[in-house]
Amino acid sequence: MPRRLPVRPAKVFGNFFVLVVLAIMALIYYTYTFVVWGPKTQTSSIAIPLLIVYNLIFFMLLWSFF
């Protein structure tokens, strides 16, 4: 029976892919919440409920990702 390497290249590549996807998701989250809707919370009445719903959906997406 051949022995496997403790760290296989396929596993390292898969973990790198997960990190890339998480980095893209974090960039989109930061842009949408802090750059687009963050300044509008002072003037718009729809901004706070929209951000609450967006955060719930985003955290459910993260939950399903792991």
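The values are calculated or read from the model by the stated rules, or taken from the named source; none is laboratory data. Not measured: the values here are computed from a predicted model. Backbone-built Cβ (ideal geometry, glycine too); neighbour counts: all protein chains shown.
Before moving on, here are some points about what is shown:
- ILE57 exposed (fewer than 11 other Cβ atoms within 10 Å of the Cβ), β-branched (Val, Ile, Thr) and out of contact with any Gly (no Cβ under 7 Å at 6 or more places or on another chain): yes
- Enumeration of residues in the stretch 1-43 that are among the polar types (S, T, N, Q) and within 24 Å of LEU61 (Cβ to Cβ): ASN15, THR31, THR33, THR41
Conditions tested, residue by residue: (1) in a helix (DSSP H, G or I); (2) of a type in the set (D, E, K, R); (3) in contact with a helix residue (DSSP H, G or I) (Cβ under 9 Å, 6 or more places away or on another chain); (4) at pLDDT below 90.
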| position | (1), (2), (3), (4) |
| --- | --- |
| PHE13 | yes, no, no, yes |
| PHE16 | yes, no, no, no |
| ALA26 | yes, no, no, no |
| TYR32 | yes, no, yes, no |
| VAL36 | yes, no, no, no |
| ILE48 | yes, no, yes, no |
| ILE52 | yes, no, no, no |
| ASN55 | yes, no, yes, no |
